[in-house]
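Where a number appears in this text, it was derived from the coordinates with a stated rule and is not lab data. Note that this is a predicted model, so its numbers are computed, not measured. Cβ placement follows ideal geometry from the backbone for every residue including glycine, while neighbour counts extend to all protein chains displayed.
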Amino acid sequence: MHYKPILIIPGQVDSIFFEIFFKSINNIKIKSALIIICDFNVFKNNAKKYNFKKNFDLIHSDNEIKNVKKKSINIIDIKIKKNRNTYIQLKYNNNYINNCFENAFKILKKKITHKFLNGPINKKNFLNQKYLGITEYLAKNFNKKDIGMLIYNKELSVCPLTTHLPIKLVSKKITIKLIITRLKMINDFFIKNFKFKPKIAVTGLNPHCESILNYNEDDKIVLPAINLAKKKGILASGPYAADTVFLKQNRKKFNIILGMYHDQVLSPLKTLFEYDAVNITMGLPFLRVSPDHGPNEKMVNKNLSNPTSLSQALKFLDKI
């Protein structure tokens, strides 16, 4: 089997990425070559800090990228500016991250690889309210309107219908078309990448799928969408009350739960599996994953961070 390289952007410099990356590489076996787009000196300094002994090499051209060494870490050097006090200013950090993404996009568009991983990024600082999240930022750069967030665990995965959207806007976003589109996306993704048709539970929007108002979204939108999806051969059912669908006996019945908003499904999943989950973006022309946590600036340099999510992300890409 030919293993395409895994393309990696560490993300912001002041994050736990390098700590969890070196921990992951020391603990798991990866057959795919690794290409990291970052400041070479930043990588080198972190390798020394975390006592990383494996080889790493600089690469400079597309030809080198296509023939990278599998037994070493391959680095595309993107310089980051510093001020006189060596403190990395926010605007420089954002420009640096953007340059890293732009270089990654060029490689992905040339189809040198289809495996892409980005490290944790402070979305508020980097996106500056232009996008809801990195998922939407990537979609815009590849002209994709229909994308979905999948938080994957082999026992149970979740997908929020709306992502980083304020609660007061959620009900306005939910439509029959959007639910059907997302259910089809989930179904197609599982068939393509996991070779089976998933059983999908769909939560309601309201507590107990009930409403004291005359208009109930669960009756008027969610249920009709599920019924239409069933006619298309999708194994969807619901709507289920979000406060009981995650109970042990219930979650055994499903491969994935589609929720109406972010915390409705991510909160229980992280309670169940903690760091053992991978953030996957469905609907892009390549496979994009990231650890299911943020940069956690407060933990930088403490060497106490859990690498499980990044390890699972690397193992997932390695097998695809």
- [ ] Might you report the magnitude of the Cβ-based charge dipole of the range 146-282 about its Cα centre, with Lys and Arg at +1 and Asp and Glu at -1, to the nearest 20 debye?
- [x] 580 debye
- [ ] Before anything else, pin down the relative contact order of the range 146-282: Cα pairs under 8 Å, at least 6 apart, normalised by residue count, whole percent.
- [x] 41 percent
Open item on the list: What does the extension gain come out to for residue 244 and residue 267, with contour length at 0.36 nm per residue minus their alpha carbon separation?
Closed with: 6.9 nm
Task: GNM result for the chain, Cα springs below 10 Å: residue of 166, 120, 198 fluctuating most strongly - done: 166
Task: Tilt relative to the chain, helix 90-109 - C-alpha long axis, 0 to 90 degrees, to 10 - done: 80 degrees
Open item on the list: Under a crude label model (7 Å from the Cα following the beta-carbon direction), how far is residue 77 from residue 178 in nanometres?
Closed with: 4.6 nm
Task: Extension reserve of the residue 228-residue 14 stretch, reckoned as 0.36 nm per residue once the Cα distance is removed - done: 72.4 nm
Task: Options 50, 11, 107, ranked by Cα towards positive dipole end of the chain, top entry (Cβ charges) - done: 107
Task: Antiparallel %, DSSP beta bridges [both residues in the range 192-320], to 5 - done: 40 percent
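To the nearest 500 deg cm²/dmol, what mean residue ellipticity at 222 nm is calculated for the chain from DSSP H runs of n ≥ 4 alone, each contributing -39,500 (n - 2.57), summed and divided by the residues?
That comes out to -11500 deg cm²/dmol.
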Open item on the list: Please compute the length gained on full extension between residue 302 and residue 95, using 0.36 nm multiplied by the number of residues separating them and subtracting their Cα-Cα distance.
Closed with: 71.9 nm
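Can you put 164, 208 in order of Cβ neighbours within 10 angstrom, beginning with the fewest? Please list the in-between numbers first.
Details: 164 16, 208 12.
Fewest-to-most ranking of 164, 208: 208, 164.
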TODO: Determine, for 175, 203, 271, the number of other Cβ atoms within 10 Å of each Cβ, and report the residues in order from fewest to most.
DONE: 271, 175, 203
Task: the chain - charge dipole about Cα centre, Lys and Arg +1 at Cβ, Asp and Glu -1, debye rounded to 20 - done: 980 debye
Task: Those aspartates and glutamates that a straight Cα-Cα span of less than 13 Å connects to residue 4, excepting residues fewer than 8 apart in one chain - done: 318
TODO: Report Rg/Rh for the range 146-282, rounded to two decimals, where Rg is the Cα radius of gyration and Rh the Kirkwood radius.
DONE: 0.93
Task: Crossing angle, helix 176-194 versus the chain [Cα axis fit, 0-90 degrees, rounded to tens] - done: 50 degrees
- [ ] Using DSSP, restrict attention to beta bridges with both residues in the chain and report what percent are antiparallel, rounded to the nearest 5.
- [x] 25 percent
Open item on the list: Could you tell me which residue out of 127, 138, 96 lies farthest along the dipole of the range 27-161 toward its positive end? Charges go on the beta carbon: Lys and Arg +1, Asp and Glu -1, centred on the Cα centre.
Closed with: 96
Task: Residue of 289, 300, 13 that the Gaussian network model of the chain assigns the largest fluctuation, springs spanning Cα pairs under 10 Å - done: 300
Task: Ranked packing of 32-39, 16-23, most packed first, by mean Cβ within 10 Å - done: 16-23, 32-39
Open item on the list: Counting other beta carbons within 10 Å of each residue's own, what order do 293, 60 fall into, fewest first?
Closed with: 60, 293
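Which entries in the list 23/154; 70/106; 144/252 go over 24 Å, if you measure between the two C-alpha atoms of each?
Result: 144/252 exceed 24 Å.
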TODO: Using a Gaussian network model of the chain whose springs link C-alpha atoms within less than 10 Å, name the residue from 185, 149, 260 with the highest mean-square fluctuation.
DONE: 185
